[in-house]
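Below you will find the structure I want to go over with you.
The values are calculated or read from the model by the stated rules, or taken from the named source; none is laboratory data. None of these values were measured; they are calculated from a predicted model. Neighbour counts run over all protein chains shown; Cβ positions are idealised from the backbone, glycine included. Accessible surface areas use protein heavy atoms only, side chains included; no ligands, DNA or RNA. Shrake-Rupley method; radii C 1.70, N 1.55, O 1.52, S 1.80 Å.
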Amino acid sequence: MFHDLNALHAGLGGRRIVDLFAGDPDRAAGFSVRAGEMLLDYSKTQVDAEVRTALVALCDRAGLAARRDAMFSGAPINETEGRAVLHTALRNLDGGPVRVDGADVMPEVRATLDRMREFAGAVRSGRIAGAGGGFTDVVNIGIGGSDLGPAMAVLALAPYHDGPRCHFVSNVDGAHVADTLRGLDPARTLVIVASKTFTTIETMTNARTARDWMVAGGGDPARQFAAVSTAEDRTAEFGIPSGHVFGFADWVGGRYSMWGPIGLSLMLAVGPEDFDAFLRGGQEMDLHFKTAPWAQNMPVMLALVGIWHHQVCGYPSRAVLPYDQRLARLPAYFQQLEMESNGKSVAMDGTLLAQAAGPIVWGEPGTNGQHAFYQLIHQGKQVVPCEFMLAARGHEPELAHHHRLLVANCLAQSEALMRGRPLEAARRIVSDKGFEGAELERQARHRVFEGNRPSTTLVYPKLTPGVLGAIIALYEHRVFVEGVIMGINSFDQWGVELGKELATSLGPIVDGSEGAEGKDGSTAALVDFVHRNAGG
Ligand code: F6P
């Protein structure tokens, strides 16, 4: 599939990215894409006009336009689960009907959004209150897609908070729920149980613990619990009144679900208007994705550069590096979005893939990462394509000098990765320090930066709700495009099942009601260690 691209890659030899700039004064403009308020610069990569043409050709070869239109129109493109993939309908604020099996889903989407607005307004104003008065705190209990999206976005949009404080509990480790609830008022805390299936063991265990805590502290779960789920029968069984239950359909994948009721905690924090602005940002990216020609299409070009680095150049991972502290949870969010979607070995038709479909995604905000793992990014043997993100301005005008430093650091990193420092320059540096002869040579080699390391930079004016929506939708569509080109189903996640099954079978062994016979020697020995050390 990547035959032409592999040939082009092989022909590059030691070509340096800096030389591409020397040969083309307009390279920065020619190798960047705009969408709404954002600019994606991919000029600091090895992609040239010929490579781009070959990459763009992949889209037509993979039937991307038809696949994209099938997704937006509600066709069951999640073929292994027989489901439509319609998270885009959740942000279809002023679009037309979207049909699943012939029925327009938009009236239901709009009705649920209106109920969320009504509920959020009532909680924020105190009209809906806990046993002890208006809600001061909201605890969202969920995991994976029912946690990472709202947790990431609540932090990202901190300057827009004017509602109750929001907290997130996900891990089944009792430390998480204990540390989160400590200090909260059980009679003035709203607990949202967010689970698409309402069966996830971590979420249900944490939800029961929170309910016990609330009852013990004088709170009233009948007033102070809400649920977000596709399984409304199970929410009723848990005792959550129907007026506090916000449903959604199975055509919303967990990791794509923050646009609907799973985003309730975000709406409570920032208010319905800012939540709408977030949806609108996503919707604008949808429109761009549907209409822009491939080479000017931001999600498509981000995907194609990703394919170039992962499938053609063979770089196994990519780093997401937001120079935006409030995007601290974005790398974790993208890990689920990208790795749960495209971490697959089998094509849609069941055949084994010849190569990995999706890369390992990791990262941390700058500038913190610079003082931790950038050493490897600059001088390690592995090449890690970096995806920088940067706002032109922050939310703290009085701290503009901080922001200028942030910008300078971000731009310095991509420049350093590209330029590097040749041996000659390193020799001059150590010679100025007084080194000579063999020691000069030895010292100089430690200060060489190979350079020629690729990066992209996404810049936006400011991290507003609309910009955040656009960034999330950009990456969703990027993952989709990569999946279509690789011929996989990006919308199932069978790989999480086996561990869940084994955890269930290990439960009785860990609690001692069954023996570990039949388990492998390592597992049995580890259980034995835990049993011997569990007391005290
Ligand atoms: O870990 C697998 C997974 O199914 C994710 O895809 C999902 O986001 C998460 O678990 C939580 O599932 P639920 O929302 O059903 O509790």
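Of Val484, Val479, which residue is within 16 Å of the ligand (Cβ to nearest atom), within 20 Å of Arg83 (Cα to Cα), surrounded by 14 or more Cβ atoms within 10 Å (Cβ to Cβ) and β-branched (Val, Ile, Thr)? Can you show your working first?
On the way: Val484 fails: within 16 Å of the ligand (Cβ to nearest atom).
Answer to the selection: Val479.
Condition (residue is at pLDDT 95 or above, more than 30 Å from Ala89 (Cα to Cα), within 23 Å of the chain's Cα centre (by Cα) and more than 16 Å from the ligand (Cβ to nearest atom)) applied to segment 521-529: is it met by at least one residue?
Checked segment 521-529: no residue is at pLDDT 95 or above, more than 30 Å from Ala89 (Cα to Cα), within 23 Å of the chain's Cα centre (by Cα) and more than 16 Å from the ligand (Cβ to nearest atom).
Look at segment 37-82 and say how many of its residues are in contact with a strand residue (DSSP E or B) (Cβ under 9 Å, 6 or more places away or on another chain) and touching a residue at least 40 places away in the same chain (Cβ under 8 Å).
10
Sticking with this one: Conditions first: (1) open to solvent by less than 10 Å² (accessible area, probe 1.4 Å); (2) under 24 Å from Arg165 (Cβ atoms); (3) within 12 Å of the ligand (Cβ to nearest atom). Gly263 passes all but one, so which condition is the exception?
(3)
Answer with yes or no whether Ala391 is closer than 19 Å to Val459 by Cα and small (Gly, Ala, Ser). Step through it out loud before you land on a result.
Working: closer than 19 Å to Val459 by Cα: yes; small (Gly, Ala, Ser): yes.
Against the criterion (closer than 19 Å to Val459 by Cα and small (Gly, Ala, Ser)), Ala391 qualifies.
Let me ask something additional. Of the residues that sit in segment 100-144 and are free of Cβ contacts under 8 Å to residues at least 12 places away in the same chain and of a type in the set (Lys, Arg), which one is most open to solvent (accessible area, probe 1.4 Å)?
Within segment 100-144, the match that is most open to solvent (accessible area, probe 1.4 Å) is Arg127.
For segment 175-202: of the residues being away from the ligand (no atom under 16 Å from the Cβ) and open to solvent by 40 Å² or more (accessible area, probe 1.4 Å), which is modelled with the lowest pLDDT?
Residues of segment 175-202 away from the ligand (no atom under 16 Å from the Cβ): 175, 178-190.
Filter once more, so that each one left must be open to solvent by 40 Å² or more (accessible area, probe 1.4 Å): 175, 178-179, 182-183, 185, 188.
Working: Ala175: 98, Ala178: 98, Asp179: 98, Arg182: 98, Gly183: 94, Asp185: 98, Arg188: 98.
The residue in question is Gly183.
Still on this model: Name, by its number, the condition in (1) assigned to a strand (DSSP E or B); (2) over 26 Å from Gly253 (Cβ atoms) that does not hold for His167.
With (1) assigned to a strand (DSSP E or B); (2) over 26 Å from Gly253 (Cβ atoms) applied to His167, the lone miss is (2).
In the list Asp276, Asp324, which residue meets the criterion of being open to solvent by 10 Å² or more (accessible area, probe 1.4 Å) and within 23 Å of Thr230 (Cα to Cα)?
Working: Asp324 fails: within 23 Å of Thr230 (Cα to Cα).
Asp276 is the lone residue from the list that is open to solvent by 10 Å² or more (accessible area, probe 1.4 Å) and within 23 Å of Thr230 (Cα to Cα).
Considering only segment 188-303, give the strands (runs of 3 or more DSSP E) lying wholly within it that have at least 2 residues that are under 17 Å from Ala89 (Cβ atoms).
Working: elements: 189-194, 225-229, 245-247.
The strands (runs of 3 or more DSSP E) meeting that bar are 245-247.
Name the residue that is modelled with the lowest pLDDT, counting only residues in segment 1-26 that are under 26 Å from Ala357 (Cβ atoms) and not in a helix (DSSP H, G or I).
Going residue by residue through segment 1-26, those that are under 26 Å from Ala357 (Cβ atoms) are 1-12.
Filter again for not in a helix (DSSP H, G or I), leaving 1-2, 12.
On the way: Met1: 84, Phe2: 95, Leu12: 95.
Across segment 1-26, the extreme among qualifying residues is Met1.
State yes or no: is Gly495 within 16 Å of the ligand (Cβ to nearest atom), within 19 Å of the chain's Cα centre (by Cα), over 30 Å from Ala57 (Cβ atoms) and not hydrophobic (A, V, I, L, M, F, W, C)? Before the answer, list the steps.
Working: within 16 Å of the ligand (Cβ to nearest atom): yes; within 19 Å of the chain's Cα centre (by Cα): yes; over 30 Å from Ala57 (Cβ atoms): yes; not hydrophobic (A, V, I, L, M, F, W, C): yes.
Here the answer is yes, as Gly495 does meet what is asked.
Hey, does segment 91-99 have a residue that's open to solvent by less than 30 Å² (accessible area, probe 1.4 Å), over 24 Å from the mean Cα position of the chain (by Cα) and among the β-branched types (Val, Ile, Thr)?
Checking segment 91-99: at least one residue is open to solvent by less than 30 Å² (accessible area, probe 1.4 Å), over 24 Å from the mean Cα position of the chain (by Cα) and among the β-branched types (Val, Ile, Thr).
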